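Working notes for the structure below.
The values are calculated or read from the model by the stated rules, or taken from the named source; none is laboratory data. Source: prediction; values computed, not measured. When we count neighbours, we look across all protein chains shown, and the Cβ atoms used for this are built from the backbone with ideal geometry, even at glycine. These accessible areas exclude ligands, DNA and RNA; they are computed on the full protein's heavy atoms, side chains included. Shrake-Rupley method; radii C 1.70, N 1.55, O 1.52, S 1.80 Å.
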Amino acid sequence: MTRNVVVTGMGVVAPNGASVPEFWDGLIAGRSAIIKREYTADRFSLTVPVAPVDGLEERIKGLGVQMMRADRFSQMAVMAAEEAIGQSGLEFDEALGARTACIIGTGIGGQTTFDDSYVAMLCRERRPHPLTILKVIPNAPASQLSIRHGIRGPAFAVSSACATGAHAIGVCADLIRAGSADVGLAGASEAILAYGALESWRAMHILADETCRPFSKNRNGLVIGEGAGVLVLEEEERAKARGADILCRIAGFGMNADGKDMINPAVEGAAGAMSLALDKAAVKDASKVYINAHGTGTLLNDPTETKAIRSVFGADADALSVSSTKSMHGHLLGAAGGVENIAAILALRNGIVPPTVNYDEPDPDCDLNYTPNNAEERDIDVALSNSFAFGGLNAVVAFEKV
Amino acid sequence: MADFEASLLEIIKEHAVGLTGELTRDTQIADLGIDSFSVVEIIYEVEEKLGVEVPFNANENPFGEMNSVGDLIDALDKLIKK
């Protein structure tokens, strides 16, 4: 018997909204959280546009002593997971804990802890804090959540740069389909807003100088954001049997690799992942499809992604609704997929497509309907979330109504 | 030993999130609300603040048999003098 996977909870900590209701309000209002901020380390400093999540101090304290000593990426993952678990109504007893998976990814891990540690060692001749390793390991959020809730099924971190969150959700759904678990916490978290990390991104000459302008002719780079997005996934019959409020079904998941280049994305890889995700989704009318694009706002990604979408949908591509919400919450790197999958689900459920803000000027190489600057009402049957990573790793998740 | 003990009590107190009353040698370790994280942090702070080295292996759980804070202080004292 085929096991289907549904979403029964969502939690998000994003720069433009640190809970699902605030995030959605921010998205449909076109509220951008991108600002210029200075980051320092000892005698060094830089100022770049970023999308930070501010004002979390009290909520971090509320997570308890164990989490106060964790790295920020773990703290945000746990906050998002708690919101998702709360919405799902699940309580993890002995039996459920044994049948629950916890797949929380990150692109980098505890970067701010590493940065602080190096500054202490190299600039102040202090030895590192003894918990440094436990804070920076990429599996810290998965482990923390497992300990908090007694989750004892498959638990690990995935890492595929900007596709991490989508891989985590897709792989977790596959585990449930295969019968390795009945329930899963799946998502990703990233918090690298620190001097050393940002200087490394700047060295790559890929950061925008002012803001993120996906698909707009005057786009000139990405803006690094931070945050986390976590879903509660559940085998459909189980969710129905307990009377859960089912938010949507995972219609498909596609993952592949370009096998070509560390930086340049390939049309075939991106198109292939989308086709795999759409394989089982019944797309009857392209005008009822929303694609939450990877849409980084870099010179290379946006036209490549546009060509990939055209190659999958052919003549129907013009009927699609596409947008890049990175224009508002920035690029959350590993957590991008986590947060953007939630944006896609919210669009599907609410019948509203969030906009691509900062869209100033059409680009002949980017010629789809990107929902420029204002949200649009649209009856949606299928929502797709595209994630394409440096190194040519692609992951696409498709959602449909139940 | 008196100074050492006072400093140790001070460090332990900072991590004793579960402590309700006064911290003395007779306080039970179980009442401190400390976990494996805290033990590693306490050892680190002892080394930093008192300028000593504690030959402690986090995998060996050498404090497993102890009940009171006094036991802990004596064990630390012994480790440092090793």
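Go through the residues of the stretch A:80-96 one by one and say whether even a single one is open to solvent by less than 20 Å² (accessible area, probe 1.4 Å), among the hydroxyl-bearing types (Ser, Thr, Tyr), assigned by TED's automatic domain parsing to the domain that holds A:Ile169 and assigned to a helix (DSSP H, G or I). Within the stretch A:80-96 (the criterion being open to solvent by less than 20 Å² (accessible area, probe 1.4 Å), among the hydroxyl-bearing types (Ser, Thr, Tyr), assigned by TED's automatic domain parsing to the domain that holds A:Ile169 and assigned to a helix (DSSP H, G or I)), the answer is yes, since at least one residue qualifies. Selection of the stretch A:187-219 for residues being outside any helix (DSSP H, G or I) and open to solvent by 60 Å² or more (accessible area, probe 1.4 Å) yields A:Met204, A:His205, A:Asp209, A:Glu210, A:Lys217.
Here A:Val283 passes the criteria (1) buried (at least 19 other Cβ atoms within 10 Å of the Cβ); (2) over 19 Å from the mean Cα position of the chain (by Cα); (3) not assigned by TED's automatic domain parsing to the domain that holds A:Ile85; (4) not aromatic (Phe, Trp, Tyr) except the one numbered (1).
Scoring A:Ile133 on the criteria (1) over 27 Å from A:Ile250 (Cα atoms); (2) open to solvent by less than 50 Å² (accessible area, probe 1.4 Å); (3) in a helix (DSSP H, G or I) leaves a single failure, condition (2). So, in the stretch B:1-54, of the ones that are open to solvent by 60 Å² or more (accessible area, probe 1.4 Å) and hydrophobic (A, V, I, L, M, F, W, C), which residue ends up farthest from the other protein chains (Cβ to nearest Cβ)? Here the residue is B:Ala2. Among the residues of the stretch A:245-265, what is the count of those that are part of a loop (DSSP other than H, G, I, E, B) and more than 24 Å from A:Tyr290 (Cβ to Cβ)? The number of residues fulfilling the criteria is 7.
Applying the selection to the stretch A:224-246, what residues are open to solvent by 10 Å² or more (accessible area, probe 1.4 Å) and not charged (D, E, K, R)? Hits for the stretch A:224-246 are A:Ala241, A:Gly243, A:Ala244, A:Ile246. Of all residues in the stretch A:178-205, those satisfying the criterion of being touching a helix residue (DSSP H, G or I) at 6+ places or on another chain (Cβ under 9 Å) and not small (Gly, Ala, Ser) are A:Asp182, A:Val183, A:Leu185, A:Glu190, A:Ile192, A:Leu193, A:Tyr195. Per the listing A:Ser159, A:Ser143, the residue uniquely modelled with pLDDT of 95 or more, in a helix (DSSP H, G or I) and buried (at least 19 other Cβ atoms within 10 Å of the Cβ) is A:Ser143.
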